[in-house]
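Encoded as structure tokens, the structure appears first; notes follow it.
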Amino acid sequence: FPPFYCPKSGIYASKHPKKALPQDPNLDLVSFLFSHRHSGDRALVDSRTGDSISYISLQPLVDSFANGLRNMGIGKNQVVMILLPNCILFPVVLLGVLRNASVVTPMNPLNSIEEIKKQLDFSGSSLVLTSIENVRKIESLGVRAIAIPENLHYDPQSFEIFYRIMNSDPIRAPRPAIKQSDPAAILYSSGTSGPSKGVVITHQNLISMVELFVKFEASQYRDDCSKNVYLAPIPMFHIYGMSLFSIGLLSLGTSVVVMKRFEAKEAVRAIERYGVTHLPTVPPIVAALVRAKRDFGCDLGSLKQVSSGAAPLSQKLIDEFVGAFPLVDFIQGYGMTESTAVATRGFNTSRCKKYTSVGLLAPNMEAKIIDIENGASLPPGFHGELLLRGPAIMKGYLNNEKATSETIVDGGWLRTGDIACFDKEGYLYILDRLKDTIKYKGFQIAPADLEALLLVHPGITDVAVTSEENEETGEIPVAFVVRRSGISLSSSEVMDHVNKQVAPYKKVRKVVFVNSLPKSPTGKVLRRLLRSSHGRSKI
Ligand code: 4UU
């Protein structure tokens with residue numbers, strides 16, 4: 001067996017040397033981030049307008065926001081929702097909330113009002129930071145909301161509370177003490193089954209993420225990483241975008257060029273205008289870059305590294321990308337909300353380029369591959385469910401001990417719900433998904449959330465939502481519906497019913513009427529059977 005695999009324990013260790021993590025129990029993420037001093041003019045840049053925030057002004061802005069929150073009476077462990085698209089002030093308000101020892105819950109601003117209300121109630125949020133258009137809508141739910149401008153050139157009258165916060169009196173109350181073990185963020189994920197749940201991430205998880213993912217990867221390149229320019233098209237309300245663009249990269253002194261949303265022409269313009277060197281993406285963006293090259297011949301010569309994660313990438317697309325951009329170092333990364341984005345990252349050398357692999361385990365991370373039938377630990381070359389253990393694994397699901405104990409099992413192992421295998425050199429391959437989660441352009445959709453909305457329809461007696469492969473988006477949700485007898489119900493009626501209640505990316509895009517659903521003896525819907533009858537499932 002190769003040295004990174006122990007056949008006795010069944011544990012795969014990282015091939016990278018172990019990294020020492022900060023041990024001080026009283027360290028918080030923001031103090032840790034700002035212990036690295038950087039001087040660049042452009043910590044964060046708005047891709048469209050060029051507005052920017054320098055490293056020198058970043059910490060005072062974060063401190064002002066934290067002080068202002070405290071003066072408003074927002075205290076330790078109170079939950080603050082961020083309901084914003086990407087903008088250069090997103091990291092400022094996020095770090096401000098954490099600096100104040102409050103807990104942040106970021107959410108997709110495209111979510112429906114019902115979804116927002118659910119997450120507000122569930123997380124017990126007492127304040128929402130949102131765009132000016134959303135303030136009234138949030139206040140109608142009985143929660144305080146503050147309009148956050150897109151950049152620092154704003155009209156103080158339109159953004160009165162934000163203005164007051166940023167210019168508020170010097171701190172009245174002292175800054176609350178924060179421990180590494182304190183909660184920092186709650187993000188939503190469906191985990192291996194059931195409805196969406198709140199993933200509780202601590203300051204320690206985020207500090208580990210910075211050390212093991214962002215700083216570690218930067219240390220693998222010999223050049224001065226503060227000169228790197230990253231394009232940020234991935235939303236900061238998702239773990240992947242939050243970890244990199246709102247937190248991790250700010251520890252390196254790089255420039256982060258923020259895109260409100262991805263658009264291929266604008267991305268090409270931004271890459272050329274700002275000399276972007278690094279571009280973290282999801283598969284649909286990789287496809288868009290290939291099309292951009294073909295359609296308008298962009299050269300994107302400044303790009304050094306493009307990484308892809310959050311969803312599977314086809315061999316065909318990899319070949320097209322590597323063919324179109326032969327000088328770019330292309331890697332895949334793999335992670336989860338529950339592992340604070342840390343798990344594996346691609347690792348190319350001049351002799352070894354494994355583009356279809358998601359790479360090597362991050363330092364200090366351990367894994368197991370277990371047989372899905374009998375739970376036995378499996379050696380390299382065999383596929384089974386991937387389990388992860390390490391300092392970035394979440395504290396647990398919010399107020400849900402049952403789901404927590406089903407997901408983090410004996411000895412602190414996180415069940416990923418992914419089917420994977422290691423090769424003999426320690427590179428990991430994700431082969432399939434055991435869990436129900438659907439991935440639409442890298443965004444999670446919990447089938448159980450859609451089923452709950454469908455089941456209350458009077459014409460539906462039973463329903464199961466599963467995924468179908470889709471060239472453009474990776475997957476789309478498909479509803480298998482059992483109609484109440486004697487009722488006429490069309491596909492479009494089913495879709496209208498659910499789609500007006502959910503964010504656009506969660507829309508049911510296809511309905512299949514069936515007489516009954518395949519179920520196990522215990523009554524659990526056999527989604528994999530439905531899925532394979534519909535052409536997905538690689539194993
Ligand atoms: C096949 O998607 C994420 C986190 C993504 C990420 C990607 C690259 C983080 C760091 C990085 O370097 O989180 P969630 O919680 O939204 O979804 C997690 C699930 C995984 O369990 C797996 O099913 O998303 C899927 N997934 C991938 N699948 C994540 N990355 C990949 C991948 N290939 N590269």
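Please count how many residues of region 256-270 are within 16 Å of the ligand (Cβ to nearest atom) and either surrounded by 22 or more Cβ atoms within 10 Å (Cβ to Cβ) or part of a helix (DSSP H, G or I) (or both). I'd like the intermediate steps shown before the answer.
Taking region 256-270 and keeping what is within 16 Å of the ligand (Cβ to nearest atom), we get 256, 262.
Going one step further and asking which of them are either surrounded by 22 or more Cβ atoms within 10 Å (Cβ to Cβ) or part of a helix (DSSP H, G or I) (or both), we end up with 256.
Matching residues across region 256-270 total 1.
Take the conditions (1) among the basic types (Lys, Arg); (2) surrounded by 15 or more Cβ atoms within 10 Å (Cβ to Cβ); (3) not in a loop (DSSP other than H, G, I, E, B); residue 136 misses just one of them, which is (2). Every condition in (1) in contact with an Asp or Glu (Cβ under 7 Å, 6 or more places away or on another chain); (2) without any contact (Cβ under 8 Å) to a residue 60 or more places away in the chain; (3) more than 14 Å from the ligand (Cβ to nearest atom) is met by residue 374 except one, and the failing one is (1). Taken together, 504, 477 contain a single residue that is within 28 Å of residue 236 (Cα to Cα), out of contact with any Cys (no Cβ under 8 Å at 6 or more places or on another chain) and open to solvent by less than 20 Å² (accessible area, probe 1.4 Å), which is 477. Checking each residue in region 174-191 for being touching a Ser or Thr at 6+ places or on another chain (Cβ under 6 Å), at pLDDT below 95 and surrounded by fewer than 24 Cβ atoms within 10 Å (Cβ to Cβ) picks out only 190. Exactly one residue out of 385, 451 is within 15 Å of the ligand (Cβ to nearest atom), over 30 Å from residue 323 (Cα atoms) and acidic (Asp, Glu), and it is 385.
What tally of residues in region 466-478 results from selecting those that are charged (D, E, K, R), away from the ligand (no atom under 15 Å from the Cβ) and not in a loop (DSSP other than H, G, I, E, B)?
1
In the set 299, 319, only one residue is away from the ligand (no atom under 16 Å from the Cβ), part of a helix (DSSP H, G or I) and without any contact (Cβ under 8 Å) to a residue 40 or more places away in the chain; that residue is 319.
Give the residues of region 271-284 that are among the hydrophobic types (A, V, I, L, M, F, W, C) and open to solvent by less than 10 Å² (accessible area, probe 1.4 Å), sorted by residue number.
Within region 271-284, the subset among the hydrophobic types (A, V, I, L, M, F, W, C) is 271, 276, 279, 282.
Matches in region 271-284: 271, 276, 279.
Would it be correct to say that residue 324 is aliphatic (A, V, I, L, M), touching a residue at least 60 places away in the same chain (Cβ under 8 Å) and either surrounded by fewer than 19 Cβ atoms within 10 Å (Cβ to Cβ) or within 16 Å of the ligand (Cβ to nearest atom) (or both)? No; evaluated as a whole, the condition is false for this residue. For residue 294, the conditions (1) in a helix (DSSP H, G or I); (2) at pLDDT 95 or above; (3) basic (Lys, Arg) are fulfilled apart from (2). Total residues in region 201-228 satisfying the condition of being open to solvent by less than 20 Å² (accessible area, probe 1.4 Å) and modelled with pLDDT of 95 or more: the figure is 14. Just the residues that are of a type outside the set (A, V, I, L, M), in contact with a helix residue (DSSP H, G or I) (Cβ under 8 Å, 6 or more places away or on another chain) and within 21 Å of residue 59 (Cβ to Cβ), please, taken from region 127-175. If the condition is that a residue be of a type outside the set (A, V, I, L, M), in contact with a helix residue (DSSP H, G or I) (Cβ under 8 Å, 6 or more places away or on another chain) and within 21 Å of residue 59 (Cβ to Cβ), then 149, 154, 164, 167, 168, 169, 170, 172, 175 are the ones that fit. Entry remark, region 142-162: residues being loosely packed, with under 15 Cβ neighbours inside 10 Å and under 22 Å from residue 113 (Cα atoms) number 1 in total.
Only one entry of 179, 197 meets the criterion of being closer than 26 Å to residue 450 by Cα and charged (D, E, K, R), and that entry is 197. Figure legend. Inter-residue proximity from region 523-535: first residues β-branched (Val, Ile, Thr), second residues at pLDDT 85 or above and open to solvent by 60 Å² or more (accessible area, probe 1.4 Å), beta-carbon distance below 8 Å, spacing 6+ or different chains. Indicated pairs: 525/519.
For beta carbons closer than 7 Å, sequence separation of 6+ or different chains, a first residue in region 340-356 that is in contact (Cβ under 8 Å) with a residue 40 or more places away in the chain and a second that is open to solvent by 60 Å² or more (accessible area, probe 1.4 Å) and more than 9 Å from the ligand (Cβ to nearest atom), the qualifying pairs are 356/315. What residue, of 341, 310, is within 20 Å of residue 220 (Cβ to Cβ), among the aliphatic types (A, V, I, L, M), open to solvent by 10 Å² or more (accessible area, probe 1.4 Å) and within 12 Å of the ligand (Cβ to nearest atom)? Going through 341, 310 in turn, just one is within 20 Å of residue 220 (Cβ to Cβ), among the aliphatic types (A, V, I, L, M), open to solvent by 10 Å² or more (accessible area, probe 1.4 Å) and within 12 Å of the ligand (Cβ to nearest atom): 341.
Counting the residues of region 304-324 that are more than 28 Å from residue 467 (Cβ to Cβ) and either within 23 Å of the chain's Cα centre (by Cα) or among the charged types (D, E, K, R) (or both) gives 2. For region 411-444, give me the residue count where each residue is under 15 Å from residue 337 (Cα atoms) and within 9 Å of the ligand (Cβ to nearest atom). Selection size over region 411-444: 9. It is to be established whether one or more residues within region 481-490 are open to solvent by 20 Å² or more (accessible area, probe 1.4 Å), more than 30 Å from residue 356 (Cβ to Cβ) and among the basic types (Lys, Arg). Looking through region 481-490, at least one residue is open to solvent by 20 Å² or more (accessible area, probe 1.4 Å), more than 30 Å from residue 356 (Cβ to Cβ) and among the basic types (Lys, Arg).
Could you tell me whether region 512-526 includes any residue that is surrounded by 13 or more Cβ atoms within 10 Å (Cβ to Cβ), under 29 Å from residue 119 (Cα atoms) and at pLDDT below 95? Within region 512-526, one or more residues are surrounded by 13 or more Cβ atoms within 10 Å (Cβ to Cβ), under 29 Å from residue 119 (Cα atoms) and at pLDDT below 95. In summary, residue 273 fulfils each of the numbered conditions (1) within 30 Å of residue 403 (Cα to Cα); (2) part of a helix (DSSP H, G or I) with the single exception of condition (1).
Residue count for region 322-360 under the criterion of being assigned to a strand (DSSP E or B) and within 30 Å of residue 397 (Cα to Cα): the result is 7.
The values are calculated or read from the model by the stated rules, or taken from the named source; none is laboratory data. Note that the structure is predicted; figures quoted are calculated from it, not measured. Note: ideal-geometry Cβ built from the backbone for every residue, glycine included; neighbour counts use all protein chains shown. SASA here: full protein model, heavy atoms, side chains in, ligands and nucleic acids out. Shrake-Rupley method; radii C 1.70, N 1.55, O 1.52, S 1.80 Å.
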